[in-house]
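Heads up: the structure comes next, in structure tokens.
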Amino acid sequence: MRAIAYDQHGEAGQVLRLSEMPAPAAPAAGQVRVRVLSRPIHPGDLAAVEGLAGGPRQRFATPRIPGVEAMGVIESVGEGVQDLRTGQRVAFFPVPGAWSELVTAPTDLVVPVPEDLGDESAALMLANPLTLLSLLRAVEDAQHGQAGPVVQTAAGSSVGKLISAAALKHGIPLVNLVRSATGAQTLRQRFPSLPTISTADADWRTQVQDATGGRGAQVVLDAVGGSLTGELAGLLTDGGTLITYGQLGSGSTPLESLALTPRALTVRGTSVLQWVTARTPEERAEDVAFAARLAASAPELFEVAASYDLADFAKAIDHVRRPGRSGTVLLTSPAP
């Protein structure tokens, strides 16, 4: 089978390679083997390949295959599997090794794809909606029952658009931040009732203060991090919370520069990869049902920027990093 693999941390375009690798073993009890057709390139996938910023560049004795989300068709089922069948379209998350043509996955992480949902939307229907749920829960926890303004970075991203849609539905006073004036104008057209501010504007911090009624933000949702962290902490009202869930930015911010103690600020991280251990099986089933409903009812929120064959992964990664990109880039394999 074809797979994209790496044996050391480093810049993704340099350390990843397309390889012929042995197919995974036949599924054991409670497992299925899926022929993968489409998988998204998430920022976290590339971060896993590149390793922690400033950290050691590890080498691995056994090549690793990136990716944790995809959709495909079940090729075979293990003993005792009753709710899934051969030939069925499914999505899975989080299952390592999604950037290969065959994956063996536990059935509790495999979800049937609704019949009226296209392959592209199905490839995106789990990780981002589940990220949305985890962030909404983190915001609710940080607010302690006292709802206040919320600011989010990377508002033009796939997750950012989901957050904007949820804010409109639930009445969350949200302020969107994007990196460029062009991106701000595009997002304003999509969500005209939500304030959208470009951090390229010299007075963007003042604009945020005005958009929050002069109070500052109670919560900041941040997917950027890096050198922007200090600026974002400055947007918080005293006692506010900075929730970080990504590292799209460059540079760094010393923790002691954030005035955490005198301003009683909280900084917390959250990751959708914690979803499996943080939620009970019953809660996970409810979350997955929500994700499937959202994908079916609001396909415009599951925008695809472009699709590339596995062999063209370098072009796909370049597209992911293209300024002004709208939507998620997919890696595809031909159907059997």
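Per residue, the chain reaches -8500 deg cm²/dmol at 222 nm when only DSSP H runs of four or more residues are counted, each adding -39500 (n - 2.57). For region 120-268, the C-alpha radius of gyration divided by 2.2 N^0.38 Å, with N the number of residues, is 0.99.
Computing FRET efficiency as 1/(1 + (r/R0)^6) for H144 and A26, where r is the C-beta to C-beta distance and R0 is 41 Å, gives about 0.20.
Checking every one of the GluC sites (Glu not before Pro) in region 213-297 against DSSP loop status and a limit of 12 other Cβ atoms within 10 Å picks out no site at all.
Close amide-amide hydrogen proximity is noted between V175 and V150, V151, Q152, each under 5 Å apart and 5 or more residues distant or on a separate chain (H modeled in the peptide plane; Pro and chain starts excluded).
Comparing V178, Q207, T261 along the charge dipole axis of region 168-326, the residue lying farthest to the positive side is Q207, per the Cβ-charge model.
Here the extension length gained between H170 and R322 equals 51.5 nm, from 0.36 nm per residue of separation less the Cα-Cα distance. Please work out the Cα center distance from region 255-277 to region 322-336, rounded to the nearest Å. Each part reduced to its Cα centre gives a spacing of 32 Å. Taking all C-alpha pairs of the chain, those more than 32 Å from each other amount to 32 percent. If both residues of a DSSP beta bridge must be in the chain, then about 55% of such bridges are antiparallel. Among 212-223, 108-119, 35-46, the peptide with the highest mean count of other Cβ atoms within 10 Å heads the list, and the full ranking is 35-46, 212-223, 108-119.
Here the relative contact order of region 1-156, from alpha carbon pairs under 8 Å that lie six or more residues apart, stands at 26 percent.
Phi angles of region 318-327 translate, via the Karplus equation with coefficients 6.51, -1.76, 1.60 and θ = phi - 60°, into HN-Hα couplings of 4, 5, 4, 8, 6, x, x, 4, 10, x Hz per residue; Gly and Pro are given as x. Centre-to-centre, using Cα atoms only, region 189-222 and region 40-79 are separated by 35 Å. Of the trypsin sites (Lys or Arg not before Pro) found in region 50-156, the ones in coil according to DSSP and having at most 12 other Cβ atoms within 10 Å of their Cβ are R57, R85. Using 0.36 nm per residue and subtracting the Cα-Cα separation, the extra length available between Q274 and R205 on full extension is 21.6 nm. FRET efficiency for the E300 to R188 pair, using the beta carbon distance and R₀ = 22 Å, is estimated at 0.85. Taking label positions 7 Å along the Cα-Cβ direction at both S257 and E286, the computed distance is 4.2 nm, reported to one decimal.
Computed extension length for F60-D238: 59.6 nm, one decimal, from 0.36 nm per residue of separation with the Cα-Cα distance subtracted.
Every number in this text was worked out from the coordinates using simple rules, so none of it is lab data. Here the structure is a predicted model, which means the values were calculated and not measured. Counting neighbours? That spans all protein chains shown, and the Cβs are built from the backbone with ideal geometry, glycine included.
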